[in-house]
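Inspection log for the structure reproduced underneath, given as structure tokens.
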Amino acid sequence: MGSHGESTNGITKHASSRMSARSINEWHIDQVKHFGRESHTRKAIIYAIGKKEIKENGRFLEPCEGIHVLCSLRDGSIITTYRNNNLKSLRH
């Protein structure tokens, strides 16, 4: 897994540490990857939930608002996760 450490269930040690520090659990991750918008960069895919996704899919996603999940293009593992309510910088 490179500098991010080995993964467990597709989540790197770094991502697991960030999830814990940011009160983001696997349910949040699953919802963001399933319902979130996707943005592709050179080496990663970023999934994120904003107001649009909540309006389209339901209020059950409100706890996920602003959560971003950064996944490796190489193997799909979760590299990190964070909260940012500004989604304008994500490319579609």
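Here is how the numbers come out for the structure above:
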{"read-out": "Test: residue in the stretch 45-55 that is free of Cβ contacts under 8 Å to residues at least 40 places away in the same chain, of a type in the set (A, V, I, L, M) and out of contact with any Asp or Glu (no Cβ under 8 Å at 6 or more places or on another chain)", "value": "no"}
{"read-out": "Residue selected from the stretch 37-75 under the condition part of a loop (DSSP other than H, G, I, E, B) and touching a Leu at 6+ places or on another chain (Cβ under 9 Å), by the criterion surrounded by the fewest Cβ atoms within 10 Å (Cβ to Cβ)", "value": "42"}
{"read-out": "Residues located in the stretch 19-34, provided they are within 11 Å of the chain's Cα centre (by Cα) and either in contact (Cβ under 8 Å) with a residue 60 or more places away in the chain or crowded, with 18+ Cβ neighbours inside 10 Å (or both)", "value": "19, 24, 28, 29, 31, 32"}
{"read-out": "Residue check, residue 74 out of contact with any helix residue (DSSP H, G or I) (no Cβ under 7 Å at 6 or more places or on another chain) and under 18 Å from residue 12 (Cβ atoms)", "value": "yes"}
{"read-out": "From the options 57, 9, 25, residue that is on the phi > 0 side of the Ramachandran plot and of a type outside the set (Gly, Ala, Ser)", "value": "9"}
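Rule-based calculations on the coordinates, nothing more; no lab input. Bear in mind that the values here come from a model prediction, so they are computed numbers and not experimental data. Note: ideal-geometry Cβ built from the backbone for every residue, glycine included; neighbour counts use all protein chains shown.
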